[in-house]
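Chemist: Before we start, here is the structure in question, set down as structure tokens.
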Amino acid sequence: QVQLVESGGGLVQAGGSLRLSCAASGSILSINVMGWYRQAPGKQRELVAHITSGGSTNYADSVKGRFTISRDNAKNTVSLQMNSLKPEDTAVYYCNANMKLRYGSPYRDYWGQGTQVAVSS
């Protein structure tokens, strides 16, 4: 069974850092874009950052200059280095991967279970 498993969430003081990691496992033919989304209470889920298989990145304006997304194509992992964290970064962070599982099948989005990030002031 294909799954995405996040790790690295937790509680950190404002100004601190966390590194989130996500590993895709199972029978996977190919992974296109991988990314991180977050959802704060009462808010819609929003894109934090994503990265293509070739390494092109996009970031939400709110995290530019503070967060860095990276991936290891050989290991099917994606990470999010979060520096200079702010209380408004508090949210559940979800790993996303656009993956093809079989020849003849389309790429589809898959989601991790989410990991909590809490930033105290």
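The values are calculated or read from the model by the stated rules, or taken from the named source; none is laboratory data. Keep in mind that this is a model prediction, so the values were computed, not measured. All Cβ positions, glycine included, derive from the backbone under ideal geometry; neighbour counts span all protein chains shown. Side chains are part of the model used for accessible areas, which takes the heavy atoms of the whole protein and leaves out ligands, DNA and RNA. Shrake-Rupley method; radii C 1.70, N 1.55, O 1.52, S 1.80 Å.
Chemist: Could you run through region 34-45 and say how many residues are open to solvent by 40 Å² or more (accessible area, probe 1.4 Å) and either modelled with pLDDT of 95 or more or of a type in the set (Val, Ile, Thr) (or both)?
Modeler: Result for region 34-45: 5.
Chemist: Here's another thing I want to ask about it. Out of curiosity, is residue 9 under 22 Å from residue 102 (Cα atoms) and either surrounded by 14 or more Cβ atoms within 10 Å (Cβ to Cβ) or polar (S, T, N, Q) (or both)?
Modeler: no
Chemist: When you scan region 60-121 for strands (runs of 3 or more DSSP E) that lie fully inside it, which ones turn up with 2 or more residues that are open to solvent by 20 Å² or more (accessible area, probe 1.4 Å), in contact (Cβ under 8 Å) with a residue 24 or more places away in the chain and not hydrophobic (A, V, I, L, M, F, W, C)?
Modeler: Per the criteria, 77-82, 91-100, 115-120.
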